[in-house]
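Below: the structure, in structure tokens.
Nothing in this text is a laboratory measurement; each read-out follows from the coordinates by a stated rule. Note that this is a predicted model, so its numbers are computed, not measured. Cβ sites come from the backbone with ideal geometry, for glycine too, and all protein chains shown count toward neighbours.
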Amino acid sequence: MGNSKVSIQKKIVVGLLVLWVVLVVVVGLIRSGIISSGRVVIYFFQTNQNGKAYLVEVERDAKLSFRTDLSEKIMFALTELIAGPSQEESSKGLISCVPQDARVLSVKKEGDIIYVDFSQEIEYGGGIWEIKGRLAQIVFTSTQFDPDDGVRILIEGKEIKSFSGEGITDVEKPMYRNDFSDFLKGEKNER
């Protein structure tokens with residue numbers, strides 16, 4: 001009788017261990033974007049009562065299957081970013097620095113770097129704050145599945161050294177979320 005009680009306890013422990021391993025794997029697959037909830041996150045700006053603008057997350061239905069490639073999910077999210085805030089989001093004060101006539105030509109992930117190829121319109125318009133804000137929106141939206149990834153921007157298939165018509169911002173190296181921490185809520189940022 002004592003042996004069967006120990007046997008049942010071992011089965012329970014093994015069962016719980018297997019369940020825990022499965023849970024860890026599923027969470028990892030969701031975080032990496034391999035399994036998707038059918039939603040993507042895009043980043044717009046909102047201005048607080050002091051006139052400071054900061055990034056805010058907005059979820060959109062992706063209408064993509066769980067088999068959809070990670071690059072396709074990022075491309076979908078960036079296309080939604082370019083479309084800009086919905087009427088309802090705009091009425092809540094959300095704005096975007098990304099020009100709506102730009103297009104995402106391709107997205108490719110190699111290791112921990114995401115290469116995003118845009119049409120040349122992505123560089124048009126805006127002062128230095130808007131240009132940096134645009135890059136922040138692109139980086140945060142592109143890295144939603146792995147916040148530690150870096151982003152390299154290409155224009156019409158060519159790697160670029162600086163971004164915008166005046167060459168305002170150096171983009172020769174991958175950009176990371178922490179490069180844009182001044183756009184996070186609670187941080188000092190000037191418009």
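At-a-glance table
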{"item": "Residues Glu57, Glu80 arranged by fewest to most Cβ contacts within 10 Å", "result": "Glu57, Glu80"}
{"item": "Ranked Val41, Val98, criterion: other C-beta atoms within 10 Å, fewest first", "result": "Val41, Val98"}
{"item": "Ascending count of other beta-carbon atoms within 10 Å, so fewest first, for Met175, Met75", "result": "Met75, Met175"}
{"item": "Where labels lie 7 Å past Cα in the beta-carbon direction, separation of Ser4 and Asp69 in nm", "result": "5.7 nm"}
{"item": "Residue pairs, from the table Lys52/Lys161; Lys52/Lys173; Lys132/Lys173; Lys92/Lys132, whose Cα atoms sit over 26 Å apart", "result": "Lys52/Lys161; Lys52/Lys173"}
{"item": "Stretchable slack from Glu59 to Thr169, in nm (0.36 nm times residue separation minus alpha-carbon distance)", "result": "36.8 nm"}
